[in-house]
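Working notes, beginning with the structure itself.
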Amino acid sequence: MKEYISIKNLKFSYTKENFISELNIDIPKSCSVGLIGPSGSGKTTIIKLILGLLSPQKGSIKINNQNYSHNDLGYMPQQYALYEELSVNENLEIFSNLNNISKKSEVRKRSHELLNLIELSDKAKELVQNLSGGMKQRLSMAIAMINNPQILLLDEPTVGIDPVLRESFWNHFKKLNKNEITILITSHVMDDAMKCDKVIFFIEGKIVAYDTPVNLVKYTKTNNLGEAFVHIVNKGYKK
Amino acid sequence: MILRTLSIAKLVLLKMRRDKRSIGLVVIAPLVIMTLITFIFNEKPGTLQRVAPAIISVFTFLFTFLLTGITFIRERASGTLERIMLTKLKAHELLIGYFLGFFIFALIQATIVTTFVLFMIDYSIDSTLINLIIIIFLSVLCSVNAGIMFSSLAQNEFQMIQFIPVFFAPQIFLAGIFVPVQDMPRGLEIISNFLPISYAFNSTKLTIINKVSIEEIIFDLTILFVFSAIFIIASSLVVNSQKNNK
């Protein structure tokens, strides 16, 4: 598959020590790619580099072989990043307006669609501060999708979400993939990784394996992705 | 652009409206302080004449500075600032939106403070009221942006409060409130010339005590505008640095 997001020779560090160096990732269009690794491995840093919230010291990030704007991206951060004093609807309206969705009917329609998806239609008028953690997580996801982005960058999106809703999220992600939306998702949950089209195992700023979940299990001769991860960490990955 | 700017202003207003404690403080704090000042200076009209301009200029600056600074720190800490800067919102739209939103609250506070003061000194309303409105407008513009700028140096609300002794105390002492600027040692006089409250205080004093026309305070107003511009540029850099968190 042709690459869509292309990260070439990327170097980035927070301190003098090299954190990420000579990183190369090609992500195909319309795929769900999981960036899987332990806490502190650099998953969020990669997301922030793609978003332009961090600037690489070296290397380039291109989308569809060209420089890109934030407008193509939808981002769900690890923390909720919601206006707690506002209602669910007001949050959606503010973020719609900030993304140039101005017509009230359009805002209402988009909010309605997203609230149905995240199963929060009955909480539309509720203040965010009164929602549970899982509900906030879902609203945060809806806001990431409000501008119909071509690329969704989701930082630990399934934390605090029950298995039934997680399944419905993944069904939606697959629908988005069919509509040519590319999804990069960070997680340390192997259930999420299994659902991705491709998985990047990422440790201490380095890619230790990048393949389909099936191949990762097959070539490590293990029973599941969790075991495959441990195997790769200890012995490396060879096809 | 207008939609995004107005959305930010609406956001500020909604947040403040829902935060009943803050709303209470916005109204009650100046009321309490001004009532206290009325009792203290009621028997000493001469002193009151001297401190009245200081009260207006210092409190207008202080309340708005804290309100904006703390709100901005919260925006940063909760991740919402990062998130809104990833939308189509531009830094200047954010700043104008914030200014519009806070201007209403700052105006409420400034109106309370000014009404008290003018009432206490038996100020007769005339054309100089326009001067006062312009001074308050520029002071709010200045302090909203100073609040945003200083919020980038603070990591939490507590640190923001610490800017009162660091940023405000020297201004209060050097603005000519206690000792006229020209009577200060040369070094302090020079420093005083670089502090916005000096100009807010001087123009307010000339307006409500000497009842001067706008032409006579145009220099102070210009300098206040220049300070506002400096703080706007600095706060734009702060917001942009949030976008390119280098």
Residue count, the stretch B:173-207, condition over 25 Å from B:Leu129 (Cβ atoms) and assigned to a helix (DSSP H, G or I), comes to 12
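Looking for something farther than 29 Å from B:Ala52 by Cβ, out of contact with any His (no Cβ under 6 Å at 6 or more places or on another chain) and surrounded by 24 or more Cβ atoms within 10 Å (Cβ to Cβ) - is there at least one such residue anywhere in the stretch B:137-147?
no
Give the residue, chosen from B:Thr5, B:Thr60, B:Thr68, that is more than 30 Å from B:Asn210 (Cα to Cα), away from chain A (no Cβ under 14 Å), modelled with pLDDT of 80 or more and buried (at least 19 other Cβ atoms within 10 Å of the Cβ).
Answer to the check: B:Thr68.
Have a look at B:Glu82, B:Glu75 and point out the one that is among the charged types (D, E, K, R), over 22 Å from the mean Cα position of the chain (by Cα) and part of a helix (DSSP H, G or I). Write out each step before concluding.
Numbers: B:Glu75 fails: over 22 Å from the mean Cα position of the chain (by Cα).
Step by step, each of B:Glu82, B:Glu75 is checked, and only B:Glu82 is among the charged types (D, E, K, R), over 22 Å from the mean Cα position of the chain (by Cα) and part of a helix (DSSP H, G or I).
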Residue set B:Val226, B:Val212, B:Val140; condition among the β-branched types (Val, Ile, Thr) and assigned to a loop (DSSP other than H, G, I, E, B); output residue B:Val212
Checklist entry - Taking A:Gln150, is it surrounded by 18 or more Cβ atoms within 10 Å (Cβ to Cβ), in contact (Cβ under 8 Å) with a residue 12 or more places away in the chain and either more than 10 Å from chain B (Cβ to nearest Cβ) or touching a Ser or Thr at 6+ places or on another chain (Cβ under 8 Å) (or both)? => result yes
Restricting attention to the stretch A:138-171, the residues that are touching an Asp or Glu at 6+ places or on another chain (Cβ under 9 Å), closer than 17 Å to A:Met194 by Cβ and modelled with pLDDT of 90 or more number exactly 0
Just one listed residue, out of A:Phe202, A:Phe173, is in contact (Cβ under 8 Å) with a residue 24 or more places away in the chain, touching a strand residue (DSSP E or B) at 6+ places or on another chain (Cβ under 6 Å) and not in a helix (DSSP H, G or I), and it is A:Phe202
Among the residues of the stretch B:29-57, the number that are exposed (fewer than 12 other Cβ atoms within 10 Å of the Cβ) and at pLDDT 80 or above is 4
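The values are calculated or read from the model by the stated rules, or taken from the named source; none is laboratory data. Please read these numbers as outputs of a predicted model, since none were measured by experiment. Ideal geometry is used to build each Cβ from the backbone, glycine not excepted, and the neighbour counts take in all protein chains shown.
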